[in-house]
Amino acid sequence: WWVQAEGLLSSLKMFRRTGDPIYLDCYGLTLEWILSHQVDWKHGEWFEVVSSRGRKSGKKAGSWKSAYHNGRAMIEGLAILESLRG
């Protein structure tokens, strides 16, 4: 979960810094994976772990998970996307 959250934010920051579209592609692919495999659409939040076989497990909330990594990635990510719109 934290790798994906930080990956979203890092790819947007790198795109903003370099303008290289590979970073937007990375952002899009990471977001697509999170939405398709990690989000719990029924009960909310992201699963902490998704195994290579697609099994979801682990805590879905916690001070470092929800409030810091996930929340920060979403808030800062939205701000960066808004700034890129011009």
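The values are calculated or read from the model by the stated rules, or taken from the named source; none is laboratory data. Remember, it's a predicted structure, so these values are computed and weren't measured experimentally. We place every Cβ from the backbone using ideal geometry, glycine too, and count neighbours over all the protein chains shown. Ligands, DNA and RNA are excluded from the accessible area calculation, which covers all protein heavy atoms including side chains. Shrake-Rupley method; radii C 1.70, N 1.55, O 1.52, S 1.80 Å.
What the table below lists for this structure:
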quantity	calculated
Single residue of region 12-42 satisfying the filter (among the basic types (K, R) and more than 18 Å from W2 (Cα to Cα)) that is most open to solvent (accessible area, probe 1.4 Å)	R17
Count of residues meeting criterion [open to solvent by less than 100 Å² (accessible area, probe 1.4 Å) and modelled with pLDDT of 90 or more] in region 46-62	10
Failed item in (1) open to solvent by less than 70 Å² (accessible area, probe 1.4 Å); (2) more than 17 Å from V3 (Cα to Cα); (3) under 15 Å from the mean Cα position of the chain (by Cα); (4) not β-branched (V, I, T), with L78 passing the rest	(1)
Condition check for K60: under 16 Å from the mean Cα position of the chain (by Cα), assigned to a helix (DSSP H, G or I) and of a type in the set (K, R)	no
Scope region 63-75; condition open to solvent by 40 Å² or more (accessible area, probe 1.4 Å) and hydrophobic (A, V, I, L, M, F, W, C); matching residues	W64, A67, M74, I75
Positions within region 1-52 being touching a residue at least 24 places away in the same chain (Cβ under 8 Å) and outside any helix (DSSP H, G or I), in sequence order	W1, E45, W46, F47, E48, V49
